[in-house]
Amino acid sequence: MAAVSSVVMVGNPYRTPGRLSNYDSQGHHENRTAYGLYAVHSLQSNDSILTFNDGLDRSGKVADICLENDIVCSFGPNCKCQLASDHLSYDLMKPVQDRIFDHVISRL
């Protein structure tokens, strides 16, 4: 992984809470306790969650961005939602684009 200088994930369905790499759309570290949609399914079926290791999480190389209302990366079990439009709008949101740009440039 030494050759990799930055990784950006948006709307990560395998997102796990409590990671240093978790950010909201404004670039702030966030502390939501919800898992991503696929991570929830993995936990329910007693499977492992596809994720990156703690060393990479602590390295500062990873930015895992999840919008506040994106049920794909922050699933709410009581939500009767369809696929949220937020999950499909990352490329339209300037704060998210700025965060991605800033993260990649800061790691060069």
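Every read-out reported here was derived from the displayed coordinates using simple, explicitly stated rules and does not represent laboratory data. Quantities reported herein were computed from a predicted structural model and do not represent experimental measurements. Counting neighbours? That spans all protein chains shown, and the Cβs are built from the backbone with ideal geometry, glycine included.
Among the trypsin sites (Lys or Arg not before Pro) in the stretch 1-88, which ones are in a DSSP loop with at most 10 other Cβ atoms within 10 Å of the Cβ? Mind listing them?
Answer by residue number: K80.
Between V4 and D47, what is the label-point separation in nm under the 7 Å Cα-to-beta-carbon projection?
Output for this residue pair reads 2.0 nm.
Per 0.36 nm of contour for each residue apart, how much would the distance between T33 and S85 grow if the chain were fully extended, relative to their Cα-Cα spacing?
16.6 nm
What's the FRET efficiency of V104 with R58 using the Cβ-Cβ distance as r and R₀ = 22 Å, to the nearest 0.05?
According to the calculation, E is roughly 0.75.
Across 10 Å bins from 0, what is the distribution of all Cα-Cα pair distances for the chain, in whole percents?
The calculated distribution, bin by bin, is 15, 47, 32, 6, 0.
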